[in-house]
Amino acid sequence: MDMNKELLKEQAFINGEWISTDNTFNVDNPFDNGVIASVADCTENHAEQAIDAAATAFESWKTTTAKERSELLLSWYKLTIDHADELAELLTIEQGKPLEEAKGEILYGASYIKWFSEEALRINGDLIPSPDGNKDIQVHKLPVGVVGIITPWNFPQAMIARKVAPALAAGCTVVIKPASETPLSALAMADLAQKAGIPDGVINILPTTSSSDIGKVLTSSPLVRKISFTGSTAVGKTLIAQSADNVQKVTMELGGNAPFIVFDDANLEDAVDGLMASKFRNSGQTCVCANRVFVHEDLYEEFVKELGNKVSALTLGNGLTKGVEITPLINQKGIDKALGLIKSAAEEGAEVLVGGGVSKEFENIVQPTILSKVTTDMDIAKEEIFGPVITLISFSDDDEVISAANSVPVGLAAYAYTEDRHRIKRLIKDIETGMIGINTGMLSNEMAPFGGVKESGMGREGSKYGISDYLDIKYACIV
Ligand SMILES: NC(=O)C1=CN([C@@H]2O[C@H](COP(=O)(O)OP(=O)(O)OC[C@H]3O[C@@H](n4cnc5c(N)ncnc54)[C@H](OP(=O)(O)O)[C@@H]3O)[C@@H](O)[C@H]2O)C=CC1
Ligand SMILES: O=C(O)[C@H](O)CS(=O)(=O)O
C-alpha cells in the first residue's frame with residue numbers, strides 16, 4: 001500500500017542519532033503477514049550506549065526549568081497532533097487495529113503529553129514547621145534519573161506517551177525497548193520529539209528481538225534508577241526480580257482479568273453497549289477488556305439475545321478499510337491462545353452461541369465469539385484471553401458474584417451495571433481491582449490514575465498521581 005513514509009524510521013535512536021546495526025528484523029502487517037519494514041536489531045552494546053547517553057543527558061536535563069520542560073512537551077504534543085493521521089496509519093499497519101481506533105490511540109497518547117506538560121509546572125515541595133521550632137523542614141521533589149521503559153504491542157504509541165511524558169516532565173531521561181512486533185510507532189514518536197526540540201540523549205529507542213538480554217542490561221545497570229513496564233504479569237515478575245539487585249523503582253502495568261457484572265436492575269441496552277465497547281476494542285487485546293461477563297439469571301436470556309444480535313453484526317477485515325471493527329490479532333501466538341481457550345471451554349461444557357473459530361475470509365482474524373454456560377473453574381475464566389471472545393457466566397446474588405469476581409490473582413479493571421447506590425458503594429469497596437467502571441465499559445483517560453492491585457502491578461499512570469512514580473522525595477533539615 002502507498003504509505004506516507006515521512007515518519008517511517010527503521011534505525012535505532014541513540015543520543016539523537018539514527019543508528020544502523022549489523023542485523024535487522026522484519027516488522028510484519030498482522031493482516032496479511034506482509035513485511036512493512038526491516039528494523040535495526042539492537043544488542044546489549046547498544047543498550048549500554050543508550051544508558052550512557054541518557055545518563056549524560058540527565059545531568060543537563062535535570063537542570064532545565066519546569067517551564068522549559070513544559071514548553072518542550074507541549075511542542076511534542078502539537079507535532080503529534082499535527083501528524084496524527086500519519087501516526088495512525090503507521091500504527092494500523094504494524095499493529096492491525098482499525099484506523100479509527102488507531103487515530104483514537106494517537107489522540108489518547110497525545111493527551112498524556114499535554115497533561116504532563118501541565119503537571120511539570122506543579123511539581124511542588126513543602127515547607128513544614130519543625131516540632132522544636134528551630135529548624136526549617138524542607139521537602140524537595142527531585143527526578144529519579146535514567147528510566148528504563150519496556151512497552152507492549154497492543155498500544156504501541158499510547159504506552160510510549162503515557163510513560164515518557166511524566167518521566168520527562170519530572171526531569172528524567174529514558175531508554176525505551178518497544179515490542180518487537182510494533183517498534184515503528186515508538187521510533188516515529190522519537191522523531192517528532194527531536195523535531196520538537198527535546199535534546200539529544202533525553203529519549204533513546206532500542207528496537208530489538210533480544211528483549212530478554214536488553215531487559216537484563218536495563219535492570220542490572222546502576223545508572224538506571226527506575227523500570228516502567230506494561231505487559232504480561234509473567235514478564236513483569238521477571239523484571240521486578242531482576243530490578244531487585246539494584247533496588248530500582250518500578251512501575252508495573254500488568255495483566256488483567258476484568259469482571260463485567262450485569263445486575264438484575266441494570267439498564268440492559270446500556271450494559272450490552274458497554275460490553276461491546278469494552279470487549280471488542282483492539283479486537284479484545286487490551287489489559288482492561290471485559291474478560292469474564294457475569295449476568296444475573298433474571299436478565300440472562302434477554303441479555304444474550306440482545307448481545308448476539310450486536311456481535312453477529314460486527315464487520316471483520318483490514319484495519320485500513322473504513323468501517324471495519326474486528327481486525328487480526330497481533331500474531332499466530334495470540335490467535336492460537338484465543339482458539340485454544342475457546343476449544344478447552346467447549347470441551348469443559350461451554351456452549352458456542354456465536355463465532356468460535358477463525359474467519360473463513362481472513363485467516364488472521366478470530367471470529368467475534370460468545371460462549372454461554374461458562375464457569376469460573378474453566379481455563380478461559382482464569383486467563384487473560386486477549387481476543388474477541390465473550391464468556392457468559394450466570395449468577396444469582398451479590399455475595400456470590402463479588403466472591404467470583406475476586407477469585408483471580410490479578411486486579412486491574414472491573415465493570416458493573418446497576419442503579420442501586422448501596423450496591424455501588426459496596427462494589428467500589430469490595431471488588432479487588434485498581435479501577436472500576438460503574439455503568440460504563442470505558443474508563444481510561446489522562447486525568448485518571450490508571451493501574452492495578454494484586455498481580456496486576458503497582459504504580460499509577462496519568463492523573464496528578466502519575467508523576468510521583470518519576471520523583472524522589474528529599475528532606476532537608478536546616479538550622
Ligand atoms: N497489560 C497489558 O497491557 C498487556 C498484557 N499482555 C498479556 O501478555 C500476554 C502475552 O503477550 P506478549 O506480547 O507476549 O507480552 P509480553 O509481556 O511478553 O511483552 C511485553 C513487552 O515485554 C518484552 N519482553 C518480553 N520478555 C521480556 C524479558 N524477559 N525481559 C524484558 N522484556 C521482555 C516484550 O518484548 P518482545 O516484543 O520482543 O517480546 C514486549 O516489549 C498477552 O496475551 C496478554 O495476556 C500483553 C501485552 C500488554
Ligand atoms: O495496556 C493496555 O491495554 C492499555 O493500557 C489499555 S488503555 O489504557 O488503552 O485503556
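Taken over the range 398-425, the residue count meeting the criterion of being open to solvent by 80 Å² or more (accessible area, probe 1.4 Å) and of a type in the set (Lys, Arg) is 2.
Considering the range 208-257 alone, what residues qualify as being more than 7 Å from ligand 1 (Cβ to nearest atom), hydroxyl-bearing (Ser, Thr, Tyr) and open to solvent by 70 Å² or more (accessible area, probe 1.4 Å)? Scanning the range 208-257 gives a single hit, 220.
Residue by residue through the range 11-28, note down the ones that are part of a loop (DSSP other than H, G, I, E, B) and open to solvent by 20 Å² or more (accessible area, probe 1.4 Å). Walk me through it before giving the result.
So the first thing to find is which residues in the range 11-28 are part of a loop (DSSP other than H, G, I, E, B), and the list is 11, 15-16, 20-23.
Correct list: 11, 15, 20, 21, 22, 23.
Residues to consider are 125, 133; find the one that is of a type outside the set (D, E, K, R), touching a strand residue (DSSP E or B) at 6+ places or on another chain (Cβ under 7 Å) and within 22 Å of residue 475 (Cα to Cα).
125
Taking the range 427-479 as the range and being among the charged types (D, E, K, R) and touching a Leu at 6+ places or on another chain (Cβ under 8 Å) as the test, the residues that pass are 455, 472, 474.
Limited to the range 426-439, what total is found for residues that are over 23 Å from residue 230 (Cα atoms) and open to solvent by 50 Å² or more (accessible area, probe 1.4 Å)? Spell out how you get there, then give the answer.
As a first pass, look at the range 426-439 and keep what is over 23 Å from residue 230 (Cα atoms): 426-430, 438-439.
Filter again for open to solvent by 50 Å² or more (accessible area, probe 1.4 Å), leaving 426, 428-429, 439.
Number of matching residues: 4.
Residues in the range 56-67 that are part of a helix (DSSP H, G or I) and either open to solvent by 90 Å² or more (accessible area, probe 1.4 Å) or under 14 Å from residue 217 (Cα atoms) (or both): 56, 59, 67. Is it the case that the range 167-175 has a residue that's in contact (Cβ under 8 Å) with a residue 40 or more places away in the chain, within 14 Å of ligand 1 (Cβ to nearest atom) and under 16 Å from residue 461 (Cβ atoms)? So far as the range 167-175 goes, no, none of its residues is in contact (Cβ under 8 Å) with a residue 40 or more places away in the chain, within 14 Å of ligand 1 (Cβ to nearest atom) and under 16 Å from residue 461 (Cβ atoms). Residues in the range 308-351 that are of a type in the set (Lys, Arg) and either touching a helix residue (DSSP H, G or I) at 6+ places or on another chain (Cβ under 6 Å) or without any contact (Cβ under 8 Å) to a residue 24 or more places away in the chain (or both) were compared, and the one that is most open to solvent (accessible area, probe 1.4 Å) is 333. When the residues of the range 327-360 are filtered to those that are among the small types (Gly, Ala, Ser) and part of a helix (DSSP H, G or I), the one that is nearest to residue 98 (Cα to Cα) is 334.
Within the range 274-306, the set of residues being within 15 Å of residue 443 (Cβ to Cβ) and charged (D, E, K, R) comprises 279, 281.
Only one residue in 197, 201, 171 is open to solvent by 10 Å² or more (accessible area, probe 1.4 Å), closer than 21 Å to residue 16 by Cα and in the same structural domain as residue 469 (by TED's automatic domain parsing), so which one is that?
On the way: 201 fails: open to solvent by 10 Å² or more (accessible area, probe 1.4 Å); 171 fails: open to solvent by 10 Å² or more (accessible area, probe 1.4 Å).
Exactly one of 197, 201, 171 is open to solvent by 10 Å² or more (accessible area, probe 1.4 Å), closer than 21 Å to residue 16 by Cα and in the same structural domain as residue 469 (by TED's automatic domain parsing), namely 197.
The values are calculated or read from the model by the stated rules, or taken from the named source; none is laboratory data. The model shown is predicted, which means the values in this text are computed figures rather than measured ones. In this analysis, Cβ positions are derived from the backbone assuming ideal geometry, glycine residues included, and neighbour counts consider all displayed protein chains. What goes into the accessible areas is simple: the full protein's heavy atoms, side chains included, and nothing from ligands, DNA or RNA. Shrake-Rupley method; radii C 1.70, N 1.55, O 1.52, S 1.80 Å.
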